[in-house]
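Here's the structure we're looking at; comments come further down.
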Amino acid sequence: MSQPNHANLAEKLTKDTKRTDWHNNSIWWVRQNRDKAVFGIPDWENLRNTASSIKSYMLENLHDLLLEFEKNALANGVQVHWAADAKEHNEIVHGILSKRAVKKMVKSKSMLTEECGLNHYLEDQGIEVIDTDLGERIIQLRHEPPSHIVAPAIHLKREDISETFHEHLGTEKGNIDPQYLTEAARQSLRKDFLSADAALTGVNFAIADTGEFVVCTNEGNADMGAHLAPVHIACMGLEKIIPKREHLGVFLRVLARSSTGQAITTYSSHFRKPRPGQEMHIVLVDNGRSRHIQKPKFKDALKCIRCGACMNTCPVYRRSGGHSYHVTVPGPIGSILAPNADLKKNSDLPFASSLCGACSNVCPVKINIHEQLYEWRQIITQEGHSSTGKTIGMKAMNFVLSNPKVFELGGKMGRTLMRTVPSLVNNSMNPWYKSREMPEPPKESFKDWYRKNRNNE
Amino acid sequence: MSSREEILGRLQLAAKEQKRQANNAMIQPVLPEFNKEYLGDKVKKFMELIDILHGQAMEVSSLKEVKQYIDKKYPGQRVFINIEDAEYNNPEEWQNSDPHDLEDIEFALFHGTLAVAENGAIWFTEEQMGQRVAPYICQQMGVLIKKETILHTMAEAYEILKDPTLGFGGFIAGPSKTADIEQSLVTGAHGPRGLVVFIL
Ligand code: SF4
């Protein structure tokens, strides 16, 4: 296989039917929690509309808002850096760390640094990086990528985690109690917080008007890191900017409700100035965003606040798992972001969807996700990047559907074939037959039946 | 050309193109009025939320009561009190120390600026924290809230908080928690294992 492909990668999960069901159900449970939280607010649609229009305003005015943010952040005593791509981002972070001879850095969750491959880069330079979000720590110890943007270890069972902790943290073999395992991680990570020489956090929102940035966590790991370490680096994609602090009154209301069904995350921390004696840096990262924003049909994907609701609701994501998307951000939003970065390599992703539209319905900033998936399909097929099977299938379909005579003849042949040699259709070569029983073929088509019956009603 | 100029250049181009297509520039959205009636009695709702968040809320009639609670529950343990009424405070030794020295605080009590009924979040400024790390590193956290500072919604909270003057502040809603192991909720991930809110 020349390049990763969603359908093939999904088999890792789908070949174990029990595990697929477990994965599907545990994520559906999160979706149900989201529903309960959302239905409890009479203003939900009003909040979504407002959140969406603030983000649209951001997209139209990003140039000015970034300049305003930079000016205010500098006045607050924060150092601001601009990175054109992943490589420059990694070099900037490394530059800051090497100036202070940092040996060990604690990191809270940041999908951006994952996108940039920061951990590996720093480890190659001899810097120890400790992921401190429990889910991220688990997958870091297992050398796996995250499978979900909010719950990075959602693909793992407690037995898997127990094994990993037994091996790396010395917990009792076979003890699968989440309370016990979490406590073990707490003890071990506390030592890391206390001994780190730098902390890196992501950014949920950056406010142009005040030059501050807001980081949301449930565990408190961003705060433990940032308030102890002498250096705090915050990395953010350009699109994290919002104009005013009061806009948080909208975003903080929709974020956690969409994510996990909580009314708000436990910690919503507003960093404006470094504490006395501390160094604070912000790295503004482009990595394709300023080109993405120039595509009218696709720019709205940049409104995403990374709540994860679209993946929790997606029937394909729930049954194929985050790793099958072979990019940092999986699920519906990942499938419309990834083709911007590399159309050819990610041409399979817009097809990993049933286009049911559930993603767009739950999105708190009202991104038209399923329409963009459809748009990408058009482009991918036109540019000849879709898989050969799919292209042949589509061309054949086009021929059949635009020729009524051919359609009728094909139907007749199909029905006869399915009756006489069902193995021709019900075999593993036909992807539709996987986990499906083909229906009993009817003896005659609807058209034939109608022709016979219309006169003797 | 620096990356900064390159990025800004591309964004400026995008902005020009968008404005040309849209004909007129978008104005900054004005926040609408949000419903708060659905929350009912705000003190009751707030206390309900603290309970849902695995915290504990209680109405008290005096600071003395709070002090008694602490003395009884944490005898001989390291306790940090930083509230408006200076006679109870013991921050001298803490406020200017290295933040790492706060590692073994068992219980810490802070004053919150305001509290929000719809989600149980309480706002603290760094002044109220004494040291930024204090409310995140202590094993157990206590909060003092004046009843009249409890609000219905986040919109009302930001109406008050919209112009910050200090370097750091944050909302805290309940004790630290995680559900990263098979979605089972565990309190005490990194920060406080418990939260008690005294409503005065
Ligand atoms: S696209 Fe919408 S639903 Fe999906 S993660 Fe982003 S904000 Fe959430």
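When chains B and A come together, the accessible area they lose, probed at 1.4 Å and totalled over both chains, is close to 7300 Å². Among B:Arg78, A:Arg377, the order of accessible area from largest down is B:Arg78, A:Arg377, computed with a 1.4 Å probe on protein heavy atoms. When the other protein chains are added to the chain by itself, burial of at least 40 square angstrom of heavy-atom accessible area (probe 1.4 Å, ligands and nucleic acids ignored) affects these residues of segment B:113-149: B:Glu118, B:Asn119, B:Arg132, B:Val133, B:Tyr136, B:Ile137. Solvent-accessible surface of protein heavy atoms, probed at 1.4 angstrom with all chains present, puts B:Lys73, A:Lys191, A:Lys273 in the order A:Lys191, B:Lys73, A:Lys273, largest first. Indicate the gyration tensor shape class of segment A:41-290 (rounded, prolate or oblate), computed on the Cα atoms with a ≥ b ≥ c the square roots of the eigenvalues: a/c under 1.5 is rounded; otherwise a/b larger than b/c is prolate and the rest oblate. Verdict is oblate for segment A:41-290. Note that segment A:292-307 has calculated 3J(HN,Hα) couplings of 4, 5, 7, 9, x, 6, 10, 4, 4, 4, 6, 7, 4, 9, 6, 8 Hz, one per residue in order, obtained from phi through the Karplus relation 6.51 cos²θ - 1.76 cosθ + 1.60 (θ = phi - 60°); glycine and proline are x. Left without a cysteine partner by the 4.7 Å Cβ rule in the protein assembly as shown: A:Cys116, A:Cys216, A:Cys235, A:Cys304, A:Cys307, A:Cys314, A:Cys356, A:Cys363, B:Cys138.
Given the options B:Glu59, B:Glu182, B:Glu87, which has the most mean-square fluctuation in a GNM of chain B, springs set between C-alpha atoms less than 10 angstrom apart? Between B:Glu59, B:Glu182, B:Glu87, it is B:Glu182 that shows the largest mean-square fluctuation. Close amide H partners of B:Leu144, meaning residues 5 or more places away or on another chain with modelled amide H under 5 Å apart, are B:Phe110, B:His111, B:Gly112, B:Phe198.
Computed over neighbours whose Cβ is under 14 Å from that of A:Asn119, the net charge equals -4, Lys and Arg +1, Asp and Glu -1.
Per residue of peptide B:185-196, the mean number of Cβ atoms on other chains within 10 Å of the residue Cβ is 6. Here, chain A is characterised by an Rg to Rh ratio of 1.04, where Rg is the alpha-carbon radius of gyration and Rh the Kirkwood radius.
Report the relative contact order of chain B, percent, no decimals, based on alpha-carbon pairs under 8 angstrom and at least 6 residues apart. The normalised contact order for chain B reaches 24 percent. Take each residue of peptide A:221-229, count the partner chain Cβ atoms within 10 Å of its Cβ, and average: the result is 6. Could you give me D for segment A:206-253, from Stokes-Einstein at 25 °C and 0.890 mPa s, where the hydrodynamic radius is the Kirkwood radius over C-alpha pairs? Units µm² s⁻¹, please. Using the Kirkwood radius from Cα pairs, D works out to 202 µm²/s.
To the nearest ten degrees, helix A:331-341 and the longest principal axis of the Cα atoms of chain A are 80 degrees apart. For the protein assembly as shown, the share of DSSP beta bridges that are antiparallel, to the nearest 5, is 30%. Which angle from 0 to 90°, rounded to the nearest 10, does the C-alpha axis of helix A:62-75 make with the longest principal axis of chain A? It works out to around 20 degrees. For the segment B:32-39, counting C-beta atoms of other chains within 10 Å of every residue's C-beta and taking the mean gives 4.
Over segment B:37-199, accessible surface divided per residue gives 39 Å², non-protein components excluded, 1.4 Å probe. Sorted largest first by accessible area at a 1.4 angstrom probe radius, with every protein chain in place, the residues A:His227, A:His81 fall in the order A:His81, A:His227. Comparing the full protein assembly with the isolated chain (1.4 Å probe, heavy atoms, ligands and nucleic acids excluded), the residues of segment A:54-94 losing at least 30 square angstrom of accessible area are A:Tyr57, A:Glu60, A:His63, A:Trp82, A:Ala84. From its DSSP helices (H runs of at least four residues, each -39,500 (n - 2.57)), chain A gives a residue-normalised ellipticity at 222 nm of -15500 deg cm²/dmol.
Restricting the calculation to Cα atoms, segment B:52-100 yields a radius of gyration followed by a Dmax of 13.1, 35 Å.
What residues have an amide H closer than 5 Å to that of A:Val80, excluding those fewer than 5 places away on the same chain, when H is modeled at 1.01 Å from N in the peptide plane? The answer is A:Ile282.
Applying D = kT/(6 pi eta Rh) to segment A:288-359, where Rh is the Kirkwood radius over alpha-carbon pairs, T corresponds to 37 °C and eta to 0.692 mPa s, the Stokes-Einstein value obtained is 264 µm²/s. Taking every DSSP beta bridge that has both ends in segment B:37-199, the antiparallel portion is near 30%.
The angle between the Cα long axis of helix A:248-259 and the longest principal axis of the Cα atoms of chain A comes to about 50 degrees, rounded to the nearest 10. In the calculated pair-distance distribution of segment B:111-200, the portion above 19 angstrom amounts to 42 percent of the Cα-Cα pairs. Other residues with beta-carbon under 12 Å from the beta-carbon of A:Phe271 carry, at +1 per Lys or Arg and -1 per Asp or Glu, a net charge of +1. Per-atom-type breakdown for the protein assembly as shown gives carbon and sulfur 52% of the accessible area (1.4 Å probe, protein chains only).
Near A:Cys356, once Lys and Arg are set to +1 and Asp and Glu to -1 for all other residues with Cβ below 15 Å from its Cβ, the sum equals +3. Within the assembled protein chains, the solvent-accessible surface assigned to A:Asp348 is about 20 Å², based on a 1.4 Å probe. When the C-alpha to C-alpha distance is required to be over 18 Å, the pairs from A:Lys299/A:Lys366; A:Lys240/B:Lys16; A:Lys240/A:Lys303; A:Lys107/A:Lys191; A:Lys109/A:Lys173 that qualify are A:Lys240/B:Lys16; A:Lys109/A:Lys173. Pairs of Cα atoms nearer than 8 Å and 6+ residues apart set the relative contact order; for chain A it is 20 percent. For chain A, the solvent-accessible area with a 1.4 angstrom probe is 43 square angstrom per residue. Dividing the convex hull volume of the alpha carbon atoms of segment B:37-199 by its residue count gives 130 Å³ per residue.
Helical runs (DSSP H, four residues minimum) scored at -39500 (n - 2.57) apiece and divided by the length of chain B put the mean residue ellipticity at 222 nm at -8500 deg cm²/dmol.
Dipole magnitude for chain A: about 1480 debye, using +1 per Lys or Arg Cβ and -1 per Asp or Glu Cβ, origin at the Cα centre. With contacts taken as Cα pairs under 8 Å at a separation of at least 6 residues, segment A:300-369 carries a relative contact order of 40 percent. Considering only Cα atoms, the convex hull volume of segment A:75-192 works out to 131 Å³ per residue. Computed over the Cα atoms of segment A:47-100, pair by distinct pair, the Kirkwood hydrodynamic radius stands at 13.5 angstrom.
The values are calculated or read from the model by the stated rules, or taken from the named source; none is laboratory data. Since this is a predicted model, take the numbers as computed values, not measurements. So basically every Cβ, Gly included, is an ideal-geometry build from the backbone, and we count neighbours across all protein chains shown. Each accessible area value is taken on the protein alone, full model and side chains, heavy atoms only, with ligands, DNA and RNA left out. Shrake-Rupley method; radii C 1.70, N 1.55, O 1.52, S 1.80 Å.
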